[in-house]
Every structure is written in structure tokens, then in C-alpha cells.
Amino acid sequence: MEKYREYLEQQKSASTAAKKDDSSKKKAGSGKEKEVPEPEVGADTPEEVEVAPKKKTREEKQQEHLVRIEKTLIACALGIATGIIAFLVISPLQVEGLNSYTILALLIMIAGIVAQRHIFMLLRLGSQKMGAKDWLYQGFMTFAFWFITWTLLLTQGA
């Protein structure tokens, strides 16, 4: 709490110094410029205080990069696995357009996407930090590899 108060004091002193610099520049000018008051940072509202993001070290960046690669590999592997499972469960003769068998294959692929979250939790890859954009990426990678694998297996005999 003391560090936070010191930070607020530094911000107040920096803003007052900036105001003094602005007012001295305006006095040196023609005087026609309007003075715009800057909002003061209150001690009771920590949301208004902008904290600079912590710079990451090279090792932290490498670790995050490896985690992203692991997540992508898991999505690719699950896509391939669900494509193989869909091929084994559904006979190629039954696949004609959009019918109940192709919907079953889609459900198998969706199960692979859902399983990713549990795999990430087991491997402690930070699934809680992932947003909608991240899950959309993971789902698309699984879908793409499922579709490619299943299509290649279905056209194998043709």
C-alpha cells in the first residue's frame, strides 16, 4: 500500500510539473490559447492510474513462445486424431452430403476442441488466460486438421 501511495505522489508531482511547463509555454505565446485543465488522479480511484507494463525478459518471452507452440501442436494433433476417429467410426460409403453421419463427424471434431481445455489444464498451459480469440484460433486449427485428415482418408480408395 505504501508503494502505491508513493506512486500516486510521483504521478501528482509529475502532473503538476507538466502543468507548470504548459502554463509557462502558454504565457510565452500569444495568449489566445485556451487552457485545458487535466483531470487529477484521485487517491481513492486506482482504476485511473495507468501502470506501465512490466518488460519481459528474454527467458520469459521464450517460455511464452514455447507454450504457444505446445498449444498449437495439441490442436493439430487433436485435429488429426479426430479425423482418424471420424474415418474409423463412419464408413466412406455412408458419407454423402450433409446427413446424420457427417453431423456425427462434426460432433467428434467438436469433442476434440472441448478436450483441449482439459488437456491444457492437465499440462498447466494457462487455459484461464486464453480469450475468445485464442479459443477461436485453437478451434480453427483443430477443424482444419480434422477436415484435411478426414478428407484424405475418405479419398484414399478413390
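The values are calculated or read from the model by the stated rules, or taken from the named source; none is laboratory data. Everything numeric in this text was worked out from a predicted model, so none of it was measured. Cβ coordinates were reconstructed from backbone atoms using ideal geometry, including for glycine residues, and neighbour counts include every protein chain displayed.
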Practice problem: Please list, ordered by first then second residue, the pairs with beta carbon atoms under 6 Å, 6 or more apart or interchain, first in region 127-153 and in the same structural domain as Ser91 (by TED's automatic domain parsing) and surrounded by 13 or more Cβ atoms within 10 Å (Cβ to Cβ), second assigned to a helix (DSSP H, G or I) and among the hydroxyl-bearing types (Ser, Thr, Tyr). | Solution: Trp146/Thr82
Quiz item: How many residues does region 102-119 contain that are touching a Ser or Thr at 6+ places or on another chain (Cβ under 8 Å), of a type outside the set (Lys, Arg) and over 14 Å from Phe140 (Cα atoms)?
Solution: 1
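Of the residues Val89, Val95, only one is loosely packed, with under 13 Cβ neighbours inside 10 Å, outside the structural domain of Glu9 (by TED's automatic domain parsing) and touching a Leu at 6+ places or on another chain (Cβ under 8 Å); which?
From the options Val89, Val95, the qualifying one is Val89.
Every residue in region 71-86 that is of a type in the set (Val, Ile, Thr) and crowded, with 16+ Cβ neighbours inside 10 Å, please.
Matches in region 71-86: Ile74, Ile80, Thr82, Ile85.
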